[in-house]
Amino acid sequence: MNAPRLLFVFALAFALGIGATALVQHRHLSDIVALGNTQTSSATPGAAIDPSEADDQNPNKNEDSDSSWPDNAPSPEQVLYAQPQRLHDAAAKLMPRAPDKVNLYFVAFAGDSEENVFRNEAEYVDKLLTRRFDAAGHGLLLVNNPATLEQYPLASLSNLEAALKTIGESMDKEQDVLLLFLTSHGSKDHLLYVSMDPLPLDQIAPDDLADALNKSGIRNKVVVISACYSGGFIDALKDESTMVITAARADRASFGCGSAAEITDFGRAFLVEGLNHNDSFADAFSEARRLVDAWENRDGEDHSYPQLVTAPQIDAKLKAWRSGVALGPPVPFTPAAQPLQVDSLTAVR
């Protein structure tokens, strides 16, 4: 990162109440995950990199480049200051709850801007729940991606807290159900990776996510985390009114991310296959676990062991929700359209 931009980010970080130490830690983790991405294919774990590794181990790191920031986009400062309005505009599109039945609300969170796979999953959650599970007008998307800076609010911890608060104010907190879907890289020490460089965004730990949910006051929850080592979030989140689904056990990586991927293996198994073939999250998970196990056997990978933890209270609420859902047809998965690249055209020729 060049000197003027680095000075700007430090100044902005302090203006936002973010300490210099936190900013340095963010930059360190970003470089480490970038190293993991450059050394793995779409069939390998996304962020299976030890955060204790040094930045200088990344042979492709270029501190003078912020190439992921699009030339025609607002400046980083403008994007940050636009966030309250972005959230306000998104919240204004929420529709009133349907009376006399359990309603489903959702928040989809795509944490890493460096790979389109996470944006694709978040946008597909929106399409799937809206078209198949009768949740039109009941969702918010938070996305970090260079192509969506003026389309969605950022996927940041503060925006997640605000989105959950907004959803909580729109729903019947005692009767309705929230589906929170988070997709990104995950680290061995159980941090969900959040990045929209050069913005100084905090990583999300299990206690951070639990606190955000507790502050919202939402009672009935299904939390789905599609990330490596995501099982490390279970203990902080589980309770009598929460179902927790993770793409991997606490000590295992998951697979299918990378710059060439369209959707992660768990996302394809749980969302595209599981929820298009089943009307319950538990049944969709059971199908997804079988599929992921078969794919990992086929590819000779160490098994990720997706996890589900639930309780009778949330199970009963989900059963009541399903009884009132006008189930729609399966929804095909299509990735976000990407701009044509000169190199790709050359390769086709």
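The values are calculated or read from the model by the stated rules, or taken from the named source; none is laboratory data. As the structure is a computational prediction, the values presented were derived from the model and not from experiment. As a convention, Cβ positions derive from the backbone with ideal geometry for all residues, glycine included, and neighbour counts pool all protein chains shown.
So Val244 clears everything in (1) touching a helix residue (DSSP H, G or I) at 6+ places or on another chain (Cβ under 7 Å); (2) under 25 Å from Asn116 (Cβ atoms); (3) in contact (Cβ under 8 Å) with a residue 60 or more places away in the chain except one condition, right? Which one?
Here Val244 meets the rest and fails (2).
Mind checking which residues of segment 70-81 are under 14 Å from Ser158 (Cβ atoms) and either touching a residue at least 12 places away in the same chain (Cβ under 8 Å) or among the β-branched types (Val, Ile, Thr) (or both)?
Keep residues of segment 70-81 that are under 14 Å from Ser158 (Cβ atoms), which gives 79-81.
Within segment 70-81, Val79, Leu80 qualify.
Would you say Pro339 is at pLDDT below 95 and within 20 Å of the chain's Cα centre (by Cα)? Step through it out loud before you land on a result.
On the way: at pLDDT below 95: yes; within 20 Å of the chain's Cα centre (by Cα): no.
So Pro339 does not fit the description; no.
Restricting attention to segment 191-214, report how many residues are surrounded by fewer than 20 Cβ atoms within 10 Å (Cβ to Cβ), under 30 Å from Pro70 (Cα atoms) and small (Gly, Ala, Ser).
So the answer is 1.
Check Gly217 against each of (1) in contact with a Gly (Cβ under 6 Å, 6 or more places away or on another chain); (2) surrounded by 17 or more Cβ atoms within 10 Å (Cβ to Cβ) and name the one condition it does not meet.
(2)
Quick check on segment 65-103: of everything there that is in contact with a Lys or Arg (Cβ under 9 Å, 6 or more places away or on another chain) and farther than 23 Å from Leu160 by Cβ, which residue is modelled with the highest pLDDT?
Going through the qualifying residues, I end up with Val102.
Could you figure out which of (1) assigned to a loop (DSSP other than H, G, I, E, B); (2) over 27 Å from Ala261 (Cα atoms) isn't true of Ala212?
All conditions are met except number (1).
Take the conditions surrounded by fewer than 24 Cβ atoms within 10 Å (Cβ to Cβ) and either hydroxyl-bearing (Ser, Thr, Tyr) or touching a Lys or Arg at 6+ places or on another chain (Cβ under 6 Å) (or both) and apply them to Asp279. Does it pass?
Working: surrounded by fewer than 24 Cβ atoms within 10 Å (Cβ to Cβ): yes; either hydroxyl-bearing (Ser, Thr, Tyr) or touching a Lys or Arg at 6+ places or on another chain (Cβ under 6 Å) (or both): yes.
Answer is yes for this residue.
Can you name every residue in segment 149-170 that is in contact with a Lys or Arg (Cβ under 8 Å, 6 or more places away or on another chain) and surrounded by fewer than 22 Cβ atoms within 10 Å (Cβ to Cβ)?
Glu161, Lys165, Ser170
Looking at this structure, is Ala320 surrounded by 15 or more Cβ atoms within 10 Å (Cβ to Cβ) and either at pLDDT 95 or above or not hydrophobic (A, V, I, L, M, F, W, C) (or both)?
Details: surrounded by 15 or more Cβ atoms within 10 Å (Cβ to Cβ): no; either at pLDDT 95 or above or not hydrophobic (A, V, I, L, M, F, W, C) (or both): yes.
So Ala320 fails the test.
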